[in-house]
1. Could you go through the stretch 183-190 in sequence order and give the Karplus-derived ³J(HN,Hα) for each residue, using 6.51 cos²θ - 1.76 cosθ + 1.60 with θ = phi - 60°, rounded to whole Hz, and x for Gly and Pro?
2. Each residue of the stretch 197-205 in order: what ³J(HN,Hα) in whole Hz does its phi give by Karplus 6.51 cos²θ - 1.76 cosθ + 1.60, θ = phi - 60°, with x for Gly and Pro?
3. Using the Cα gyration tensor of the stretch 216-267, with a ≥ b ≥ c the square roots of its eigenvalues, what is the shape: rounded (a/c below 1.5), prolate (a/b larger than b/c) or oblate (neither)?
4. Most mobile of Pro136, Pro189, Pro208 per a Gaussian network model of the chain (Cα springs, under 10 Å)?
5. Give me the net charge for the shell around Lys94: Cβ to Cβ below 15 angstrom, other residues only, Lys and Arg +1, Asp and Glu -1.
6. Which entry is the computed volume of the Cα convex hull per residue in Å³ for this structure: [x] 153; [y] 173; [z] 125?
7. Give the shape of the stretch 108-185 as rounded, prolate or oblate, defined through the alpha-carbon gyration tensor: a ≥ b ≥ c are the square roots of its eigenvalues, a/c under 1.5 means rounded, and otherwise the shape is prolate if a/b is larger than b/c and oblate if not.
8. Given a cut-off of under 8 Å on Cα pairs at least six residues apart, what relative contact order in percent is computed for the stretch 108-185?
Amino acid sequence: MAAGEPGDLGGYYFRFLPQKTFPSLSAPDITSRLRQWSMLGRIKAQAFGFDQTFQAYRKDDFVMAFFKDPNVIPNLQLLSDSSGQWITLGTEVKKIEAINVPCTQLSMSFFNRLYDEDIVRDNGHIVKCLDSFCDPFLISDELRKVLLVEDSEKYEVFRQPDREEFLFCLFKHLCLGGSLCQYEDVLKPYLETTKLIYKDLVSVRKHPQTKKIQITSSIFKVTAYDSTGVCYPSTKNHEQTFSYFIVDPIKRHVNVLYHCYGVGEMS
């Protein structure tokens, strides 16, 4: 049967894995950072299992089957735009978009160029700059400039393929935070938190022949639509509102990392 034909979605069945926890999002030092960055209570990871061999070229069928699955519908959580409470998807998904996110980085040395280019000083302090706005973000240091301002002189420190990497996306999301984000003066908290979440979500294995560590996960940035428009991750579009599906084809698990931009928990 060709991909996308009726009945084809029957290929995947999912189950919710509530026992799978993500310590990187619940450890006390991380939750205090997420609170400072206005992301606490608005970011969540959930795990689901599936029963068939995952084939990356059928990712759209896989994601559509996920949203249609009776074990997903009552368990997949998102934030309500109106109440700000966690809810489940109470609408029928008609269309999905799943964008491939490259995931090849195995080392945090990926970010060493921030030191090399004087965006971060040797002592770890982020270099300040004159305040400007890149709507809706306040830019008060060289780090945010590199992340957001395309015509800044150091934007090219990360080329386009680097910026598409999941490790970079995660780092950028944490640096930009929620709507009342209190930015860090030093780089270390961003790097540490990025590393812990990345390790928690992404699967690796040793290649049997070469013994090299390789990443086995496939990652997609996912948007779902119902009959009226976008319904997931939110009806409102924002670059800090996202859902990533991190698929482990060997364990047959999919980790869902979700965040909805807004005012995080304060206390």
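The values are calculated or read from the model by the stated rules, or taken from the named source; none is laboratory data. Because the structure is a prediction, the values reported are computed rather than measured. Positions of Cβ are generated from backbone atoms using ideal geometry, with glycine treated the same way; all protein chains shown enter the neighbour counts. Areas reflect the complete protein model, heavy atoms only, side chains present, ligands, DNA and RNA absent. Shrake-Rupley method; radii C 1.70, N 1.55, O 1.52, S 1.80 Å.
1. 6, 7, 8, 10, 7, 3, x, 5
2. After applying 6.51 cos²θ - 1.76 cosθ + 1.60, I find 5, 4, 5, 5, 9, 9, 9, 10, 8 Hz.
3. oblate
4. Maximum among the listed residues: Pro208.
5. Computed value for this residue: -3.
6. Identified label for the calculated read-out: [x].
7. Rounded, because the longest to shortest axis ratio a/c is under 1.5.
8. Relative contact order of the stretch 108-185: 20 percent.
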